[in-house]
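Here is the structure we will look at, set down as structure tokens.
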Ligand code: HEM
Ligand SMILES: [Cu+2]
């Protein structure tokens, strides 16, 4: 009967053959690793782009031969033009924000861990899951392809403000096919994110194992689940926005292009469109997007910390989870704070300033939960914990900048300075990267069955931590003096004295990049030569540690798990697996 | 400290599926659809609800784009909607009705009351036909606008008209694929009721969405 087959937990049979197993795989674990690898490659490309920009900022006449080869027009003789600087900046932002920060902590780790953490054999829709990865992959290829077309990548920034992004090649190099490819790439990314979010939500709702009540879910699962909702609703807005942009570009409509617009002495054949409309639509997606990037980081850190401080988080699962829900919800009503000086009505600026100050409340609550949980704890300073603490530090530092940006009066000075750039690299960029590293050091043993080298891990942490502060604190300080964002050179008189600070940032950024080689070496060496990982090397309690490292194809080798309590059963050295009915520890 | 006795899992087994895959690969014994039993929580239906949430959000974004764009534009004209849209609306509504008939027949077939697969199949085919008719009707509406010289880029009204009807038609095409999928499952006697329900949920939603869009186009464009 159907019933009996069902209870034997039959799933799709293990695939045979290299292609089905490792390339077009429908196994969520393989897909998770594919996403993580894609992000790693993307992060490397994004980092190299940032080096090129920084070198140009510090030594405007420096020759970078590879650029001359890549784009004879954009960087004749290896010295980049201001336009090409903007192209590099656009692709740095696009690749980092979408293909690294949105992809790795959510689609990468989430795919691998979420089904295991809820006790399921796979995602709810494995084929759809495979489709999301491959669509993301094509989107990434399209983004990279912009470097190899004659005009090079677009120069309108990761926010692609219209009308610059909407009018076509007359607006500058890269605004022809480069911007078209960009639009297509992001549209594909939207589709993939929508499919991925759908899978995450349905898996969490419908596939939890026996006893896995919502209150007993791992905190990372909670964050991915909340984030899947935010991501679903936000990418559902970016997708039609891309559609409108592409129609303006290719079909001659005027959604975003106003009448009487002249580019390069040519009157544009459009009328009546609204550039502000684009900004509203973009930021309606864009602000949630920054939280889409940071919520998985919240989850990863909250998930990792109890294991290494050997006690539950203050407030149990509830406080941190409700803070995340509040952040996710509020993130949909603050978008206008990116538009204070856009020409929007000043009354609207007030309307957006208030919720922006409100959203700091749940963010601060989350930070306090992490910090207070350390109090009186018996801390184990392993690399995953170091990276979690690093995350908290960076997040606080960046968040403080947010208070000044949230007020229209101070923001009209700070807007479009490198203060904003420093702010979002702290809060979003590097915070999320640190949480991603925390997850990497924590889950590597589970994903690959080998341990990473702890000494190299700690070295990597300290160099990165110091490097990040050197670069981005300096960036915020120069921003406060008025250093303009998105300029390829120190053109204004008042900016020229900043040159030493610019050189300092460039050198720090190069060293910071070099420190990542330690990570790369550690990851590759340990993958093949590292000591074999036990099933539960950290003494953790959640379900992913209740199976072999790496887990078998169906995750638990046919076992039907029963969950008896929440994930934070820690009491000093003692801990209790979620599947063990033992009553010895009162945790949460 | 008081010792807490862990509560035993409280969720009743009858209502939950713990197969780890939503029971989606339960193989009906000997291809017999009648022994398939559905669970209360099934990924297909949940998935469609979630997808509908995203679709709602997209159309809300497009609607607000229309409102903002109309607000800033000078001399917002008015275009008369092609009359075929109204008769077409009835075609789409009728397809929802035939789909509900199909649901009844599928249920009685699965329960063994009805022995003939052809009857539910017929209703599904009728739904499919009406869906295609609707697409053809929308296409005619576009042709009628074109003959008045109103193209996608002619003015904002026409841009939004083509945008809304086009995106909606694309979603209807997706629904038609869903119907074909359901029919092929029924043909092989492996149709689960949840698959049908998911498809129907989507189809009725597209119907309601069209009513909303018609109202929007009628009042705004
Ligand atoms: C403490 C709470 C925060 C407040 C009050 C805040 C406020 C702001 C404001 C007002 C701006 C606009 C500045 C301008 O363009 O002039 C801004 C920019 C930005 N913020 Fe935040 N922020 C906060 C936290 C965060 C977090 C947690 C993230 C990411 C996870 C983030 C990411 C960004 C990004 C990416 C931008 C700039 C986008 C761009 O223009 O390219 N912020 N923030
Ligand atoms: Cu924001």
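The values are calculated or read from the model by the stated rules, or taken from the named source; none is laboratory data. The structure presented is a predicted model; accordingly, all values stated were derived computationally and were not measured. Neighbour counts are summed over all protein chains in view; Cβ atoms, including those assigned to glycine, are modelled from backbone coordinates with ideal geometry.
What to note about this one:
- Residue in segment A:90-105 that is crowded, with 21+ Cβ neighbours inside 10 Å and more than 25 Å from residue A:287 (Cβ to Cβ) present: no
- Test: residue in segment A:339-356 that is within 30 Å of residue A:169 (Cα to Cα), away from every other protein chain (no Cβ under 14 Å) and within 12 Å of ligand 1 (Cβ to nearest atom): yes
- With respect to the stated conditions, residue B:59 is under 26 Å from the mean Cα position of the chain (by Cα), surrounded by fewer than 21 Cβ atoms within 10 Å (Cβ to Cβ), at pLDDT 95 or above and within 14 Å of chain A (Cβ to nearest Cβ).
- Residue A:393 vs. criteria more than 8 Å from ligand 1 (Cβ to nearest atom) and either crowded, with 20+ Cβ neighbours inside 10 Å or under 22 Å from the mean Cα position of the chain (by Cα) (or both): yes
- Residue selected from segment A:327-352 under the condition in contact with a helix residue (DSSP H, G or I) (Cβ under 6 Å, 6 or more places away or on another chain) and more than 22 Å from residue A:161 (Cβ to Cβ), by the criterion farthest from ligand 2 (Cβ to nearest atom): A:328
- Verdict on residue A:247 being facing chain B (nearest Cβ under 9 Å), over 20 Å from residue A:198 (Cβ atoms) and either without any contact (Cβ under 8 Å) to a residue 60 or more places away in the chain or assigned to a helix (DSSP H, G or I) (or both): yes
- Selected residue (only one of A:298, A:332, A:322 is within 13 Å of chain B (Cβ to nearest Cβ) and modelled with pLDDT of 95 or more): A:332
Residue-wise test of (1) in a helix (DSSP H, G or I); (2) in contact (Cβ under 8 Å) with a residue 24 or more places away in the chain; (3) over 15 Å from residue B:217 (Cβ atoms).
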| site | (1), (2), (3) |
| --- | --- |
| B:82 | no, yes, no |
| B:100 | yes, yes, yes |
| B:141 | yes, yes, no |
| B:176 | yes, yes, yes |
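- Selection from segment A:243-260 of residues that are crowded, with 20+ Cβ neighbours inside 10 Å and more than 14 Å from residue B:66 (Cβ to Cβ): A:245, A:248, A:249, A:257
- From the list B:143, B:85, the one residue that fits, being surrounded by fewer than 15 Cβ atoms within 10 Å (Cβ to Cβ), within 30 Å of residue A:253 (Cα to Cα) and out of contact with any strand residue (DSSP E or B) (no Cβ under 7 Å at 6 or more places or on another chain), is B:143.
- Looking only at residues in segment A:353-377 that are out of contact with any helix residue (DSSP H, G or I) (no Cβ under 7 Å at 6 or more places or on another chain) and not in a helix (DSSP H, G or I), the one that is farthest from ligand 2 (Cβ to nearest atom) is A:376.
- Qualifying residue in segment A:223-235 (condition: under 20 Å from the mean Cα position of the chain (by Cα), surrounded by fewer than 24 Cβ atoms within 10 Å (Cβ to Cβ), in a loop (DSSP other than H, G, I, E, B) and touching a residue at least 12 places away in the same chain (Cβ under 8 Å)): no
- Sole exception among (1) at pLDDT 95 or above; (2) closer than 26 Å to residue A:104 by Cβ for residue A:372, by number: (2)
- Test result for residue A:388, more than 10 Å from ligand 1 (Cβ to nearest atom), away from every other protein chain (no Cβ under 14 Å) and out of contact with any strand residue (DSSP E or B) (no Cβ under 7 Å at 6 or more places or on another chain): yes
- Residue A:228 at the interface with chain B (Cβ under 7 Å from one of its Cβ atoms) and within 15 Å of residue B:57 (Cα to Cα): no
- Test: residue in segment B:113-136 that is more than 20 Å from the chain's Cα centre (by Cα), modelled with pLDDT of 95 or more and over 20 Å from residue B:96 (Cβ atoms): no
- Subset of segment A:543-570 (residues that are part of a loop (DSSP other than H, G, I, E, B) and under 12 Å from residue A:446 (Cα atoms)): A:547, A:548, A:549, A:550, A:551, A:552, A:555
- Hey, residue A:439 touching a helix residue (DSSP H, G or I) at 6+ places or on another chain (Cβ under 6 Å) and either touching a residue at least 60 places away in the same chain (Cβ under 8 Å) or away from ligand 2 (no atom under 16 Å from the Cβ) (or both) or not: yes
- Residue check for residue B:71: surrounded by fewer than 17 Cβ atoms within 10 Å (Cβ to Cβ) and either in a helix (DSSP H, G or I) or modelled with pLDDT of 95 or more (or both): yes
- Contacts under 6 angstrom Cβ, first residue in segment A:301-321 being at positive phi, partner part of a helix (DSSP H, G or I), 6 or more apart: A:315/A:369
- Residue match in segment A:110-127 (condition: over 27 Å from residue A:443 (Cβ atoms) and surrounded by fewer than 24 Cβ atoms within 10 Å (Cβ to Cβ)): no
- Any hit, segment A:35-49, residues being touching a helix residue (DSSP H, G or I) at 6+ places or on another chain (Cβ under 6 Å), within 14 Å of chain B (Cβ to nearest Cβ) and at pLDDT 95 or above: no
- Filter result for the condition that a residue is modelled with pLDDT under 95, surrounded by fewer than 24 Cβ atoms within 10 Å (Cβ to Cβ) and in contact with a helix residue (DSSP H, G or I) (Cβ under 7 Å, 6 or more places away or on another chain), over A:62, A:75: A:62
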